[in-house]
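All remarks here apply to the structure that follows.
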Amino acid sequence: MSAPLLAAEGLTLRFGAIPALLGVSLEIHPGEVVAIVGESGSGKTTLLRVLSGQVAPQSGRVLYRGQDIAAMGEPALRRLMRSEWGYVHQNPRDGLRMSVSAGGNVGERLMASGARHYGNIRAAAAEWLARVEIEPARMDDLPRGFSGGMQQRLQIARTLVTHPALVFMDEPTGGLDVSVQARLLDLIRGLVADLGLAVLLVTHDIAAARLLAGRILVMRRGEVVEQGLTDRVLDDPQHPYTQLLVSSVLAA
Amino acid sequence: MSAAGDWRLRVEALDKTFTLHLQGGLRIPVLRGEALTVRAGECVVLAGPSGAGKSTLLRCLAGNYGACGGRILVREEDGSATDLAAAGAREVARLRRHVIGYVSQFLRVIPRVPALDIVAEPMVARGVARDAAREAAARMMHRLNLPGRLHGLPPATFSGGEQQRVNLARGFGAGHPLLLLDEPTASLDAGNRAVVIELIQEAKARGAAIVGIFHDAEVRDAVADRLHDISPLPDAA
C-alpha cells in the first residue's frame, strides 16, 4: 500500500470553551476521494482549514508527504498552496479574483506556479475553460457576470490548472441550484477520475458524498464518530448519529 | 491444487446483528455462526424464506455490510487469503477492484455517465486500457441485447430490465474470480434469462466462484451446484 499523501494525528482545537476539533486523525492517499460529512457546526470546515495549514491546531499535527506542515515555514506552505494543493471554496468569490477575466483567473495561478510564456498560458486557460464547460468566447469576460454555477466551475478550473496532487473542497455545490449541482458534481467526478486527484471533500450532501467519495468520515461536535467505506457507512451505519444522518435523507 | 485447498471463499462463524439506535437500541440478529465454503468453478445458491438474511449475507460478502464476528476469507489471485471481515476500508476497496464482483438488484445510476462507461469502469479499475475496456463492454452489452444506440446514453431513462442488464454487463465484464449475484434475473424476459445462465456457466468454466440469490427456479436449477440454506433466526427477546 502507498504512503499517505496527507496524515493528521490527534488534531484538537477549541474556540473558547467550544471544541471545534477533538482528537481528529485521518489519512488520505494519492488518488483517493474522502468525504467529511456532518451537520453545520460539526467542525468540518475548521478541519479543512487546519489540514491545509491556514489555522494551527492546539495539539496534534498534520503531515504532508511525511513532513510536519507546522515546521515547513510560511513560504513553503504558500508554495504548496500555489502548486501541489488546491482549495475550492464554497463561495467562488473567495477563490476567484472578480476584477480579473475568466482566462486571467486560470492563467494567474499558472503564472504563480512559474509559467511564463503568454501563448502557452492562454492556451492552457482556454483548454481548462473548455474542460469545465465554459465557452471559450467568455474567456475575456469578468466572472462577475457569470452565474453561480459558472463561477464555481471557473474556480475549479483555476484550482486544477496546476495539476495539484491534493484538493481541499469546502461544500463546492453549497450555494447552487439543484440542477446546477448535479452538473457540477458530475464534472468534479470526471476530473477527479481523469487526473487521479486526491480530494478532501467537505459536504453536508450525503448523495454527493456517495457519488464522489470512496471513503467517508462522519463528524459531530468536533469528533469523527464513524469512518469507513462510503457505501458501508451509509448502508450499514453503526453510530447513532450516522444512523440519524442517513435516515434523515430523502430518497429521490 | 488439492480438493480441500481450492476454495475461493470461506465464511467461518459469521455473525451479523443490526442495532437500531433510533429505535431505542433495538437489536436485530440476522446471521449467527454462518459458515460457507465455495470452491473455484462452483455456484452456490442461497435458499430460504424472504427476510431470512440471504441478501444480508451477500452484502457482508461484498463488504457493503460489516461483519460483527467471524471471518470471511477471500482467496486472492496470488493464492493468499485475506479476511474481508477484518480488512480496512482501503483493503476492501482493493479486494472489490480485483477479486469480488457484485451484481446488486438495482443499478445505481450516475448522472450524465453513458451506459458504456458504467460497464467499462470495473475493467478500467482492474487495469484494462480504456479503449479495450470500452470494446469489451460493448460486446457484453450486445450479448445482453442492449443495442448500440443505448450505449452512449446515461441509463437514467432506461427501463428496469435495461438497467438491470447494464448492471449485469458491468458485473460479468471484468472477470472477477468471485461473483456475488443478488437476484440478477428478477426483471428479465426469458431470452435474457438464458443469456445470464450462459454467462454464469462461462464464469464457472473459467474457475469463478459464485454465490447467488435466485428466486427464479429455472435459472436456479440451471446454474446451482448446491443450495445453501439460510434460516431465519428466532426474534431477540
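Rule-based calculations on the coordinates, nothing more; no lab input. Everything quoted here is computed from the prediction, not taken from an experiment. Backbone-built Cβ (ideal geometry, glycine too); neighbour counts: all protein chains shown.
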Scaled to the compact-protein estimate 2.2 N^0.38 Å, what is the alpha-carbon radius of gyration of chain B, rounded to two decimal places? 1.02
If we count other beta carbons within 10 Å of each Cβ, what is the order of A:62, B:113, A:202, fewest first? B:113, A:62, A:202
So in the protein assembly as shown, what percent of DSSP beta bridges are antiparallel if you round to the nearest 5? 55
Counting Lys and Arg as +1 and Asp and Glu as -1, what is the net charge of the other residues whose Cβ lies under 12 Å from the Cβ of residue A:246? -2
Post the alpha-carbon centroid distance, segment B:56-109 to segment A:131-209, in whole angstrom. 32
To the nearest 10 degrees, how steeply does helix A:118-131 sit against the main Cα axis of chain A, on a 0 to 90 scale? 50
For residue A:25, distant residues with modelled amide H under 5 Å away: A:10, A:11
Once you charge only the Cβ atoms, +1 for Lys and Arg and -1 for Asp and Glu, what is the size of the charge dipole of the protein assembly as shown about its Cα centre, to the nearest 20 debye? 980
Taking Cα atoms only, Rg over Rh for the protein assembly as shown with Rh from the Kirkwood formula is 0.99
Quick check: net charge around residue A:144, other residues with Cβ under 11 Å of its Cβ, Lys/Arg +1 and Asp/Glu -1? +1
Relative contact order for chain A: what percent, with Cα pairs under 8 Å and sequence separation of 6 or more? 27
What GluC sites (Glu not before Pro) in segment B:1-88 are in a loop by DSSP, with at most 16 other Cβ atoms within 10 Å of the Cβ? B:76, B:77
If one takes the longest principal axis of the Cα atoms in chain A, at what angle in degrees, from 0 to 90 and to the nearest 10, does the Cα axis of helix A:178-195 lie? 80
For every other residue with a beta carbon closer than 14 angstrom to the beta carbon of residue A:100, add +1 if it is Lys or Arg and -1 if Asp or Glu, then tell me the sum. +4
For a footprinting-style exposure proxy, rank B:214, A:15, A:146 by other Cβ within 10 Å, fewest first. A:15, A:146, B:214
Contact order normalised by length for chain B, with contacts defined as Cα pairs under 8 Å and 6 or more residues apart; what percent is it? 29
In terms of Cα to Cα distance under 26 Å, which lysines are near enough to residue B:204, apart from those fewer than 8 places away along the same chain? B:54
Per GNM of chain A with C-alpha springs under 10 angstrom, the most fluctuating residue out of A:83, A:25, A:99 is A:99
Chain B: most fluctuating residue of B:107, B:20, B:181 per GNM, C-alpha cutoff 10 Å: B:20
Of all DSSP beta bridges in segment A:1-144, what percent run antiparallel (nearest 5)? 100
Mean residue ellipticity at 222 nm from the helices of chain A, using -39,500 (n - 2.57) per DSSP H segment of n ≥ 4 over the full residue count, to the nearest 500 deg cm²/dmol? -11500 deg cm²/dmol
Among A:85, B:7, A:128, rank each residue by its count of other Cβ atoms within 10 Å, from fewest to most, as a rough exposure measure. B:7, A:85, A:128
